[in-house]
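Novice: The structure follows.
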Amino acid sequence: MTADAGLRLELSQPGSQVRACFTPDAGHLPPDRASLDASLEACLAEHGWQGARLDAAAVRGFLTQCQLTDREIDAVIGSVLDGEFELEITADKLRLLLTLVSPEGGRPITAEEIAAAAASMGVVALLDSAAIGVALEAGSCEGREIARGVAPLQGETARFESLVQPRRPVLAENEDERVDLRDLGSLLLVNPGTALMRRTPARSGKDGMDVLGKPIPADPVVDTPYASDLTGVATDPNDPLLLIAVIAGSPRVLPHGVIVSPVVDVDAVDLHSGNVNFDGSLRVSGDIRTGMSVRVTGDVVVQGTIEAASVQAGGDVIVKGGIIGKAETASGGAPSEIASVRSKGSVHARFIQNAIVEAVAEVIVESGIRQSDVSAGERVVVGAPTAPGSISGGRTRAMQSVSTGTLGAPAGTATTVQVGLNPLADEQKAELEVRRGKIVEEQCKLQQLVAFFAKHPERATGDIREKARATMYRINRDLFELDAEIAHLAEQMKPSEQAEIAVGRHIHGGVTLQVGHKALKVMEDKPGGQIRVVDDRIAVN
């Protein structure tokens, strides 16, 4: 307690109110702000309560009352507050956070109190005494980390790094130059012993621990091996993580390995070489001559031309020259006079004339298509932006789109272009149905064998029963995949609403345009445009 001419201040224990009392004395003046501040500061210092929270408005009101009344005055002008703190464990339970509030005239928080509170919460992680000390010295903080658990160290799945460096096409130096298709589609060949892929084994993770001492498991990882059905390759005897080629051929990179297909190089396919029929890819430095036959499971790359020959490829067909038969029309000539090219991938050619061309994916032609029957499961593109191509005569069909510069010819040559229906779907579906029938027949025979072993288990010697089960599993898997392919083809046999025919320049009379099941016969020449089905009719925009 302190007094000055009737003025006294009373402070209760920390956290309670600071009270100012004044008793008027006829021989002294009422206290002013200076005398009140001096008395208050001395009293706070005497009790160790410096920094108490004072209410400035209450102090001014107390002084005003002292000046205006002759009665004893007792007013609350502030309070003394102890320091406070709060601990929070983050949602992942990996960090303990401290929020500290400075005392206002009261008792400060101690490191021991913080440690005791953390222990009461079950925290077993080591407290960061330095961080706590910095916070206590500063007097306050918000969300300061004072303890940390151990986060789990996540593992890594097996990684497959391709060592195959594909050749890239030579592009034009400026946009005005036309891209030469002879620079496209070169096969990459590898020799036995060539490194193709490196596998980095999976690395297991390490469990962590939260601030409460509970383990945090690391995510499990799978150590994926190389695929089991790779051909033309093997692991290096001296390095089982390295995949190398065991034959010369063309590599194809898969997610978990590489397949190498054998490649045959010939100067030309003619009477000297004979017909070509093998599993692999074919590269011809010259021409495929009239009357010859080529049937391969891989790609066919021809530096010259394909004449009136038959070519079937399981991959792409890339012809640096053109595809040209001898017949005037692809539909009217004898088989020996028509060039026939069928590809399970794409067909690229400089031009197509008097030919039948089918591609599961796309047909890309540099200059033009004339008097040919061309079908693509996706699209047909004729020409380039700097040199629009043309389609005249015959029939051109694609599922998604057909694009060219000019359709038809000034002489009114009959030309049909169709989009919106997969032209190959019927044939592909029939082939799949034949394959499915053979597999179902094999399945029936195997089921009979399994039933026989069930009745006569003594006849199932060795591992024959396990082999039968493995074969049954393979058959069921193949049937499932075939059914999915057949269903996909069935969807493609429905008209596509997004299909279009794009003509950059002219559409001549004599052209028939078909989008889905809608058809339009063009009687007179007209400008090009985008041909689509709009409001259930064909529109040229």
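The values are calculated or read from the model by the stated rules, or taken from the named source; none is laboratory data. Since the model is a prediction, treat every value here as computed from it, not as a measurement. Here the Cβ is made from the backbone with ideal geometry for all residues, glycine too, and neighbour counts use every protein chain on show.
Novice: Mind telling me which of the residues 477, 469, 436 ends up being among the basic types (Lys, Arg) and surrounded by 15 or more Cβ atoms within 10 Å (Cβ to Cβ)?
Specialist: The conditions single out 436.
Novice: Return the pair list, or none, for Cβ contacts closer than 6 Å from residues in region 431-459 that are without any contact (Cβ under 8 Å) to a residue 60 or more places away in the chain to residues that are of a type in the set (Lys, Arg), at least 6 apart or on different chains.
Specialist: 453/465
Novice: For residues in region 483-493 being of a type outside the set (Gly, Ala, Ser) and more than 13 Å from residue 430 (Cβ to Cβ), which is modelled with the highest pLDDT?
Specialist: 483
Novice: Can you list the strands (runs of 3 or more DSSP E) found entirely within region 269-315 that contain at least 1 residues being surrounded by fewer than 16 Cβ atoms within 10 Å (Cβ to Cβ) and either small (Gly, Ala, Ser) or assigned by TED's automatic domain parsing to the domain that holds residue 252 (or both)?
Specialist: 293-296
Novice: If residue 470 satisfies all but one of (1) closer than 22 Å to residue 344 by Cα; (2) under 35 Å from the mean Cα position of the chain (by Cα), what's the number of the condition it fails?
Specialist: Condition (1) is where residue 470 drops out.
Novice: Taking strands (runs of 3 or more DSSP E) that fall entirely within region 64-122, which contain at least 2 residues that are closer than 23 Å to residue 50 by Cβ and not aromatic (Phe, Trp, Tyr)?
Specialist: Hits in region 64-122: 73-79, 95-101.
Novice: Can I ask one more? Taking the residues in region 241-257 that are within 16 Å of residue 227 (Cα to Cα) and of a type outside the set (A, V, I, L, M) as candidates, determine which candidate is surrounded by the most Cβ atoms within 10 Å (Cβ to Cβ).
Specialist: Only one residue tops the list, namely 251.
Novice: Right, something else. Hey, could you check region 205-260 for residues that are hydrophobic (A, V, I, L, M, F, W, C) and under 30 Å from residue 117 (Cβ atoms) and say which is nearest to the chain's Cα centre (by Cα)?
Specialist: Across region 205-260, the extreme among qualifying residues is 216.
Novice: Also, quick follow-up: Which one of these does residue 125 not meet: (1) over 30 Å from residue 29 (Cα atoms); (2) assigned by TED's automatic domain parsing to the domain that holds residue 31?
Specialist: (2)
Novice: Condition first: under 30 Å from residue 217 (Cβ atoms), in a helix (DSSP H, G or I) and small (Gly, Ala, Ser). Can you find one or more residues in region 48-58 that meet it?
Specialist: Within region 48-58 (the criterion being under 30 Å from residue 217 (Cβ atoms), in a helix (DSSP H, G or I) and small (Gly, Ala, Ser)), the answer is no, since none of the residues qualifies.
Novice: Right, next: Look at region 347-395 and say how many of its residues are farther than 18 Å from residue 312 by Cα, within 31 Å of the chain's Cα centre (by Cα) and part of a strand (DSSP E or B).
Specialist: 4
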